[in-house]
1. Can you report the number of residues in region 26-69 which are exposed (fewer than 10 other Cβ atoms within 10 Å of the Cβ), polar (S, T, N, Q) and more than 30 Å from Asn82 (Cβ to Cβ)?
2. Kindly establish whether Val182 is more than 22 Å from the chain's Cα centre (by Cα) and at negative phi.
3. Quick one: in region 158-198, of everything that is surrounded by 21 or more Cβ atoms within 10 Å (Cβ to Cβ) and assigned to a loop (DSSP other than H, G, I, E, B), which residue is farthest from the ligand (Cβ to nearest atom)?
4. Going residue by residue through region 121-134, is there one that turns out to be surrounded by 19 or more Cβ atoms within 10 Å (Cβ to Cβ), touching a Leu at 6+ places or on another chain (Cβ under 8 Å), β-branched (Val, Ile, Thr) and closer than 29 Å to Asp202 by Cα?
5. If you go through region 35-47 one residue at a time, do you hit one that is at pLDDT below 85 and farther than 27 Å from Tyr196 by Cβ?
6. Within region 113-120, is even one residue outside any loop (DSSP other than H, G, I, E, B) and either in contact with a Phe, Trp or Tyr (Cβ under 9 Å, 6 or more places away or on another chain) or small (Gly, Ala, Ser) (or both)?
7. Report yes if Phe143 is over 17 Å from Leu93 (Cα atoms), in contact with a Leu (Cβ under 7 Å, 6 or more places away or on another chain) and assigned to a loop (DSSP other than H, G, I, E, B), otherwise no.
Amino acid sequence: MTAAPLSHRRAWRSGIVQQVSPARVVDLGPGYLQPELMPAGLLAEAYQNALVEFGSAALAYGDDRGAAPLRAAVAGRGDQDNVLVTAGSSHALYLLATMLAKPGDVVLVEQFGYDLGQRLLRDAGLRVVPVSMDAHGVDPSAFEDAARAHRGRIAFACMTPTFHNPTGVVVPERRRRELLAVADRFGVLIVEDDAYADLVLDGEVQDMHPHDESIQRGLMLEIDVSEWGASEAVLFSGSKPLWFL
Ligand SMILES: Cc1ncc(COP(=O)(O)O)c(C=O)c1O
């Protein structure tokens, strides 16, 4: 006889998870998934498979760049040698804030954006300068004004052009090209926080960089957050392998 799956509903309580909504309240603020949508069974199986395949090696300190099989899977999106797996977008942003910038440097950010990301940049001693947005994302002329005003002191600009948080805007290609042209002209590195592109339901959405080489690729650094990358879907919030391309 096989045991019926346990209900883990009772584990959704303070002290175990970050926040619990009152009964009958669906809190859309933090973007939490329904408990039933979390693939606990799938994950249990995946962990078991990994332990069978890698044994104690799976429990050792891993490769600094992330496990090779994961990096190889991610490499479908780029060169494996350029893949660094981190524990979520915030970890990646922290690495950038401390390695690409020094305290006092300017980071250009969207007028509205991921609040904790901006806080993390401030905590690293960086000067966070918001750039105005309109209905299609960051305003290229405001971006140009900011790039000119802070020339020489800008560590990077951080943007989420696809399913922007909190507006949901997908920046049209023409606007992306205009922003990249400004970045190119002023030598500003754009960091794309691509946290949500895999949430697309129909078709594909673009990366920040158009795939022809008319704009210098060297200016783009993409933070790609795709939980369990191969699945092309965001599966659950508490575990976020992430990679740089
Ligand atoms: C644009 C953006 N980036 C990143 C994150 C989350 O980062 P992490 O992977 O560190 O949880 C969020 C979460 O709200 C977000 O909106």
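The values are calculated or read from the model by the stated rules, or taken from the named source; none is laboratory data. Please read these numbers as outputs of a predicted model, since none were measured by experiment. Quick reminder, even Gly has a Cβ in these numbers, built from the backbone with ideal geometry, and neighbours come from all protein chains shown.
1. Going through region 26-69 one residue at a time, the tally reaches 1.
2. On the way: more than 22 Å from the chain's Cα centre (by Cα): yes; at negative phi: yes.
Judged against the criteria, Val182 is a match.
3. Filtering region 158-198 for residues that are surrounded by 21 or more Cβ atoms within 10 Å (Cβ to Cβ) and assigned to a loop (DSSP other than H, G, I, E, B), the one farthest from the ligand (Cβ to nearest atom) comes out as Val188.
4. Looking only at region 121-134, we keep the residues that are surrounded by 19 or more Cβ atoms within 10 Å (Cβ to Cβ), and these are 121, 124, 126, 131, 133.
Those still in the list that are touching a Leu at 6+ places or on another chain (Cβ under 8 Å) too: 121, 131.
So of that shortlist, the ones also β-branched (Val, Ile, Thr) come out as 131.
Those left that are additionally closer than 29 Å to Asp202 by Cα: none.
Taking every residue of region 121-134 in turn, none turns out to be surrounded by 19 or more Cβ atoms within 10 Å (Cβ to Cβ), touching a Leu at 6+ places or on another chain (Cβ under 8 Å), β-branched (Val, Ile, Thr) and closer than 29 Å to Asp202 by Cα.
5. No - not one qualifying residue is present in region 35-47.
6. Here is the first cut: in region 113-120, the ones outside any loop (DSSP other than H, G, I, E, B) are 115-120.
Filter again for either in contact with a Phe, Trp or Tyr (Cβ under 9 Å, 6 or more places away or on another chain) or small (Gly, Ala, Ser) (or both), leaving 117, 120.
Yes - at least one qualifying residue is present in region 113-120.
7. Values: over 17 Å from Leu93 (Cα atoms): yes; in contact with a Leu (Cβ under 7 Å, 6 or more places away or on another chain): yes; assigned to a loop (DSSP other than H, G, I, E, B): no.
No, not satisfied.
Listed here are the residues, each with its yes/no results for (1) more than 16 Å from the ligand (Cβ to nearest atom); (2) touching a strand residue (DSSP E or B) at 6+ places or on another chain (Cβ under 7 Å).
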residue: Leu51; (1), (2): yes, no
residue: Ala72; (1), (2): yes, no
residue: Val85; (1), (2): no, yes
residue: Ala97; (1), (2): no, no
